[in-house]
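Take a look at the structure below.
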There are 2 protein chains.
Amino acid sequence: MPKEFVDFSRAPGGHDLLNDIEPASARRLAHAALDSFSSVGYGGTTTRIISERAGLSSGALYVSFKSKEEILFLCTRVSHESALGVLRAAAETPGSVMNRLRKMMYDFTLWHARNHAIARVAQYELAGLTPEHHELIAELRRQIESVMRSQIQLGVDQGEFDIEDQAGLTLAALSLAIDVCRWYSDGGRLSAERLADSYSGLVTRMLSSSRDGAPREGADALR
Amino acid sequence: MPKEFVDFSRAPGGHDLLNDIEPASARRLAHAALDSFSSVGYGGTTTRIISERAGLSSGALYVSFKSKEEILFLCTRVSHESALGVLRAAAETPGSVMNRLRKMMYDFTLWHARNHAIARVAQYELAGLTPEHHELIAELRRQIESVMRSQIQLGVDQGEFDIEDQAGLTLAALSLAIDVCRWYSDGGRLSAERLADSYSGLVTRMLSSSRDGAPREGADALR
DNA sequence: GTCTATAGGAAGATAGAC
DNA sequence: GTCTATCTTCCTATAGAC
């Protein structure tokens, strides 16, 4: 099967986003590359290391992929598509806007905890992409931001939220969830579910005003 | 002046953390290295590019530095020391704990916006450090977390904060500020000061319960 | 302290046997 | 489709002239 037909279209948002790649050699190569990218970076990873860890020779990599960058693009694209899919699905949650945003933050955070390795590559190795590939990813990123922003805007329009800077809140919520991929580790004290629950609670607080006239000695929030 | 005596001890937390490096050739090299590290990563940066951008030959780099890693360590260390210094200074703010935490979040966020390039290197290139250097940085990172956590703990002990997971809140506050270095750009719509103000307001909200009995249809916050 | 030159090896990618 | 062998380029770091 020539390299153009590597199948990675069925990324489900589940646990291993590269598991549907066919054939098996391409899948092993992608897994090996992702492991190395996420631990020592794209620039610190050699094609020889990737091949070796996949149990193949150095030349065999180029049967499945045109270049090292193509593997990076694969990881980055699959990651962004999966995260966007999860966020879009959560944006269909019925009920109040606040409830929907809680669900969106829960799922988006959970996704970044569970997929922290591929998410890290997707967030931190954008500079390694070709300009064409970079632009394709940038479009996915704009869509992610748009899904979150439009829900927050809806809450503001309905008078549900007590905030003055929708764009800032969008950024903060996304940032909090995305940064999970930087520090989260599988063996830590915090389960992905607890973290997602905690963060969805924080979003509730961020979208409501503080309890009463709590002392505000400094500058005010979100002007 | 031999390489052991490159002077970078006076990093002030101001605008250019590498500006006090002497002699000038080492300073130019460090600046050039930081530029490249922050845009294409440590692994994607070559010593030749660093030397060239500093206006020196490829061999001249090794007069000021033992290796490429030593420059990375310099950037990483200066960055962490400066951020820790800013946070420590803010932790001396008089008044209520809430007020103090607002100031800490303001300053820490402002620092990450103003120093986003060096902060990005410091956060994302830890894997490039030698084990010895990595451990030195890890100690600074523990101290940063400790300063933030102890203030939040103090607020809880005094009954000022309505939260149940101090460690989680510590993580969230630090994470929000640190992630600024990933997405912040100097030419953006948001000034560093406005962002810091916004984020210090968010911390206030995160540390207080929501306004009234706002509908909570899903899981509860911060169990 | 800066240069040129180069050692010595490793990088990405390709060719051709099987 | 995988291998070994190799092309060409580039890498980090050092040596030695000035």
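The values are calculated or read from the model by the stated rules, or taken from the named source; none is laboratory data. Only a predicted model underlies this, so the values are computations on that prediction, with no experimental measurement involved. Every residue, glycine among them, receives a Cβ derived from its backbone with ideal geometry; neighbour counts consider all protein chains shown.
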Any chance A:Ser79 is assigned to a loop (DSSP other than H, G, I, E, B) and either surrounded by 18 or more Cβ atoms within 10 Å (Cβ to Cβ) or of a type in the set (S, T, N, Q) (or both): no
Breaking point among (1) buried (at least 20 other Cβ atoms within 10 Å of the Cβ); (2) more than 16 Å from DNA strand C (Cβ to nearest atom), for B:Ile71: (2)
Residue among B:Val97, B:Val40, B:Val63, B:Val78 that is within 12 Å of DNA strand C (Cβ to nearest atom) and either of a type in the set (Val, Ile, Thr) or within 16 Å of B:Leu126 (Cβ to Cβ) (or both): B:Val63
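B:Ser51: more than 30 Å from A:Val121 (Cβ to Cβ), in contact with a helix residue (DSSP H, G or I) (Cβ under 8 Å, 6 or more places away or on another chain), within 16 Å of DNA strand C (Cβ to nearest atom) and assigned by TED's automatic domain parsing to the domain that holds B:Leu34, yes or no?
Values: more than 30 Å from A:Val121 (Cβ to Cβ): no; in contact with a helix residue (DSSP H, G or I) (Cβ under 8 Å, 6 or more places away or on another chain): yes; within 16 Å of DNA strand C (Cβ to nearest atom): yes; assigned by TED's automatic domain parsing to the domain that holds B:Leu34: yes.
No, not satisfied.
Does region A:76-86 contain at least one residue that is at pLDDT 95 or above and more than 24 Å from A:Glu132 (Cβ to Cβ)? Walk me through it before giving the result.
Let us first name the residues in region A:76-86 that are at pLDDT 95 or above, namely A:76-86.
Next, from what is left, pick out any that are more than 24 Å from A:Glu132 (Cβ to Cβ): A:86.
Yes.
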Unmet requirement for B:Glu135, which otherwise passes all of (1) in contact with a Ser or Thr (Cβ under 6 Å, 6 or more places away or on another chain); (2) assigned to a helix (DSSP H, G or I); (3) free of Cβ contacts under 8 Å to residues at least 60 places away in the same chain: (1)
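Restricting to region B:205-223, and then to whatever is in contact with a Leu (Cβ under 8 Å, 6 or more places away or on another chain) and within 7 Å of chain A (Cβ to nearest Cβ), can you tell me which residue is modelled with the lowest pLDDT? Before you say what the answer is, go through the steps one by one.
So the first thing to find is which residues in region B:205-223 are in contact with a Leu (Cβ under 8 Å, 6 or more places away or on another chain), and the list is B:206-207, B:221-222.
Those still in the list that are within 7 Å of chain A (Cβ to nearest Cβ) too: B:206, B:221-222.
On the way: B:Met206: 95, B:Ala221: 35, B:Leu222: 31.
Here the residue is B:Leu222.
May I ask you to verify whether B:Glu52 is within 16 Å of DNA strand D (Cβ to nearest atom) and within 14 Å of chain A (Cβ to nearest Cβ)?
Values: within 16 Å of DNA strand D (Cβ to nearest atom): yes; within 14 Å of chain A (Cβ to nearest Cβ): no.
Spelling it out, it is not the case that B:Glu52 is within 16 Å of DNA strand D (Cβ to nearest atom) and within 14 Å of chain A (Cβ to nearest Cβ).
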Complete set of residues in region A:183-192 that are within 9 Å of chain B (Cβ to nearest Cβ) and either charged (D, E, K, R) or farther than 24 Å from B:Leu195 by Cβ (or both): A:Arg189, A:Leu190
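Mind listing whichever residues of region B:141-182 are basic (Lys, Arg) and within 12 Å of chain A (Cβ to nearest Cβ)? Before the answer, list the steps.
We begin by selecting, within region B:141-182, every residue basic (Lys, Arg); these are B:141-142, B:149, B:182.
Of everything in region B:141-182, those that are basic (Lys, Arg) and within 12 Å of chain A (Cβ to nearest Cβ) turn out to be B:Arg141, B:Arg182.
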